[in-house]
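For reference, the structure is listed below as structure tokens.
Here, each number is a calculation from the coordinates, and none is a lab measurement. If you're wondering where the values come from, they're calculated on a predicted model, not measured in any experiment. All Cβ positions, even for glycine, are placed from backbone atoms using ideal geometry, and neighbour counts span all protein chains on display.
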Amino acid sequence: MFEGIRVAVGQVTLSEAMALARTEEDQLELAVREHARMVYRIAYSVLRNHQDAEDATQETFVRVLRARRKLAAVDHPQRWLARIAWRVAVDRRKKVPEVCFDEMVGTEMVSPAEPADAAAVGAEAVKLLQRLVNGLPPGLRDPLTLSTVEEMSTAEVGEVLGMTEAAVRSRLFRAREILREKLTTLMEVKRDK
């Protein structure tokens, strides 16, 4: 008689464990569906290579899978995933040689309604700006990339990069000032020619 009770208790425990596991799988699947594009964009903004960004996205979700029990306790899953994606991409960037931004400007930036000469000038401006951003030190480039490309708030950028909001605002200000100075200098040189 006691064995029957133990089995029933064991079955309830097993059922609860299976239900919990199913809930974790559902949470993970929901996180992937909701945030996969954001994770890819973050990885791409760091790596600037489609294949590397896909690999980093996959690695991010593998890490999330390993830590899936933490997912239920996370207040802001998007920020948590963004932080993981950023770290994975930065680690990967250290292993992979940096790709020049000149190769990154594609045809998707050209509007069919735009005249060819205007499109060429626009593409050159984009290349120039990308080169200038790429030339920033990583401590300034990374917050700027997350803030402008990923449109994250200063709080989110701070959480992803592990710094205070004040530090993020300071670095964003400095990065924009450096870009403004370089663009002003380039425009003056071009005007003098």
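Here the Karplus relation 6.51 cos²θ - 1.76 cosθ + 1.60, evaluated at θ = phi - 60°, turns the backbone of segment 167-182 into coupling constants of 5, 5, 4, 4, 5, 5, 4, 5, 4, 5, 5, 4, 4, 4, 4, 5 Hz, with x for every Gly and Pro.
Residues GLU151, GLU54, ranked from the fewest to the most other C-beta atoms within 10 Å, line up as GLU151, GLU54. By the count of neighbouring beta-carbon atoms within 10 Å, fewest first, THR148, THR154 end up ordered THR148, THR154. Available extension along the chain between ASP26 and ARG174 is 49.0 nm, counting 0.36 nm per residue and deducting the alpha carbon span. As a proxy for reagent exposure, ranking SER147, SER170 by other Cβ atoms within 10 Å from fewest up yields SER170, SER147.
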